[in-house]
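Beneath this line is the structure, given in structure tokens, with notes to follow.
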Amino acid sequence: MIIVLRGRPDATASKSAKHAAAQAQQCDARTEHAFDVEGVETGITNARQGGQALVVLVDPDVERPFAAARRLARNHPELRFVFAVDPVKEPQARGEAVFAGPPGGRWSMAPARDDEVQRQLRQALALCEQQARLRTTLDRMRLRLSSVAPADSSEYRRLVASDRYLASVLQSAHDAIVSVDPAGLVVSWNAGAERLFGIGQAQAARLALRSLFDDPEAFDAKLHTAYLTGEARVELASRSNRQAKYVDAAFDRIGDDEGHVIGIAVIMRDITERHLLEEELRSHSRQKDEFLAVLAHELRNPLAPIRNAAHVLHVLNLTDERARKAVEMIRRQATHMTGLIDDLLDIARVTRGVITLELEPLPIGVAVSEAVEQVRALIESKHHRLTVTHASSAALVLADRKRLTQIFANLLNNSAKFTPDGGQISVQIEAEDQGVQVSVTDNGIGIAANSLPKVFDLFLRCEPGLSAASGGLGIGLALVQRLTLLHNGTVTVHSAGPGAGSTFAVRLPRLSDADAEVDPGVAAAAAAGAIRRLTLLVVDDNEDAAHSLAMLLMTHGHTVHAETDPRRALEQAVALQPDAVIVDIGMPHINGYELARMLRGAPLQPSPALIALTGHGQAIDRVRAKEAGFDHHFVKPIEPKAMLTFLDRLGGAPARG
């Protein structure tokens, strides 16, 4: 029997999904359809009552197919899955399945074309039927035959022949099938076990099965679980026969006629090849992430002086109109490149699961307002009309302020780019008892029906011509979905079709006022007079970066000294007694962390604020900076407004000392 987990009904299903459903029907006329995990659970119950072999086909329209399969596999570890995928997305899906697929390797994948889905389904059903026969054999093995033959001698001969046949099937099975007594000692040992471990049946007799594995405690734990619950599953490593092996082991309890547990059946499959492939893929993924981090650092270094110099030229109020346009062009493109680099790094971190959220109770309207400010320049440059409904902006959510703002900014940026000049964009905040929803609606180019299911896919560009003209790598919406999931939320998209605009809706759990006390944020500058101009020391071995940042800060009234040698910088700090020292981390000979420790030990009264400037912006980099003595951490290329705002706050406090 086949149960098809559908993503959408036939009326709106994709061509690939319809093809997969038709292939399932051809393979087995008893095919049933379900539209959620609960529906599949009902089908499983019905199939078990009928004693039927069962395979679950996941169609290409299902959102997060591997998550749904893992959920089903937790409750039904014996299930087999076939994932039907769009042929175009097959390589990406296979790469994701290695890490996200259901455990135990009890799944296969088929592109939704020709008869490939049907072929995979037939293979899966055959494996299920073989498994059912093996289970029947095990059931017969644990029955104690009566000493008196049945009255019908022909029936007795039939049973004996049947037992011999099933015992032959058990012995010739490719998987290793072993039974152990309550002490974990081997009682039976088939040919599959001999091939897997390189140990014959005579050698294996009364052997402690745990001794064959690198982690015998993990084996014992699963054996104990099987005694208590009836079944268990685990992946184990073994170095028997002088070879490294990895096996997927399933444990089933064996009982006598009175229901007493007399042993455990262990069915083991060699997954060494798959394990090594997974390790290779993980290694490649790590190398890719390391390359991206180095690339981003190297790209950020030249971007920093470019942005600083452009900001200085902008502040100087150039009289030549052509020069002003050139400066604005440089600023826009440098900002755009910075955004691309940040998106690449963010998607790599989210995909690896290493991104850390700094959660706090937050009014949803704060993140929306900050996102609007980030995208306002783009919206105004395209003459769009933006309306924001603030009725529920005070509703609280538990969120990372920076990342939640990034979610809404990406959605607004997407609407602004794909809406023709003079368009309409609206943001609506709606709050209920349990949730808060933020909807971003535009009257732009819209989305075709066949593109809606994949609009959040990584590197997707639904309209290549428009995407190329509007810029971007196809990362923004993928990042929105992954960051929303990290906040325990959901994001959906709706569009009536090309030319009809689109609506993206982010829904997050609401935090009740009783459960949260909102941090009012950084206090306003003390009312002790105007902002004080500071004496600053900039230390960076890149001469262009050091002097361009110094020029930028001097145009805003600060006294700034630039130094490219960390040793001379330490001497300068003692002589100048600066209010703050801005230090590049990646310097040769003496890096920024070492210089910070030296500055903290130098005779500086009062101690200056130490500001780290680096191309590395991961959470671990911020922790290292704090441990070294830095008060604040900026990622290159810095946003001038962010640096100046920080210095204004520093200067707005009462004079130190």
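Throughout, read-outs are computed from the coordinates displayed, never taken from laboratory work. Small disclaimer: the values here were computed from a predicted structure and weren't measured. Cβ sites come from the backbone with ideal geometry, for glycine too, and all protein chains shown count toward neighbours.
Side notes on the structure shown:
- Residues of the stretch 104-127 falling in the label zone of Lys15, defined by backbone nitrogen less than 20 Å from a point 7 Å along Cα to beta-carbon, are 110-118.
- Label-point separation in nm, Ile620 to His390, each point 7 Å along Cα→Cβ: 4.3
- Under 19 Å from a label point set 7 Å out along the Cα-to-Cβ vector of Leu292, the amide N atoms of the stretch 597-620 belong to 615-620.
- Greater than 31 Å apart at Cα, pairs in Lys402/Lys626; Lys382/Lys636; Lys89/Lys325; Lys288/Lys402; Lys288/Lys454: Lys89/Lys325
- Placing a pseudo-label 7 Å from each Cα along the Cα-to-Cβ vector at Glu328 and Ser283 gives an inter-label distance of 5.3 nm.
- For Lys641, a cut-off of 13 angstrom between C-alpha atoms picks up these aspartates and glutamates, skipping any fewer than 8 places away in its own chain: Glu373.
- For the stretch 236-330, GluC sites (Glu not before Pro) are listed when DSSP marks them as loop and at most 13 other Cβ atoms sit within 10 Å of their Cβ; the list is Glu258.
- Segment Asp220-Glu627, extension gain: residue separation times 0.36 nm, minus the distance between their alpha carbons: 142.3 nm
- Using the alpha carbons alone, the radius of gyration of the stretch 2-115 stands to its Kirkwood radius in an Rg to Rh ratio of 0.93.
- Those lysines that a straight Cα-Cα span of less than 27 Å connects to Lys222, excepting residues fewer than 8 apart in one chain: Lys245
- The stretch 9-104: trypsin sites (Lys or Arg not before Pro) in DSSP coil with no more than 15 other Cβ atoms inside 10 Å: Arg30
- Using a Förster distance of 30 Å, the FRET efficiency for Ile262-Glu96 (Cβ separation, nearest 0.05): 0.10
- Available extension along the chain between His494 and Ala22 is 167.2 nm, counting 0.36 nm per residue and deducting the alpha carbon span.
- Applying a DSSP loop filter and a limit of 11 other Cβ atoms within 10 Å to the chymotrypsin sites (Phe, Trp or Tyr not before Pro) in the stretch 55-110 leaves nothing.
- Estimated FRET transfer efficiency (Asp320, Gln243; beta-carbon r; R0 51 Å; 0.05): 0.10
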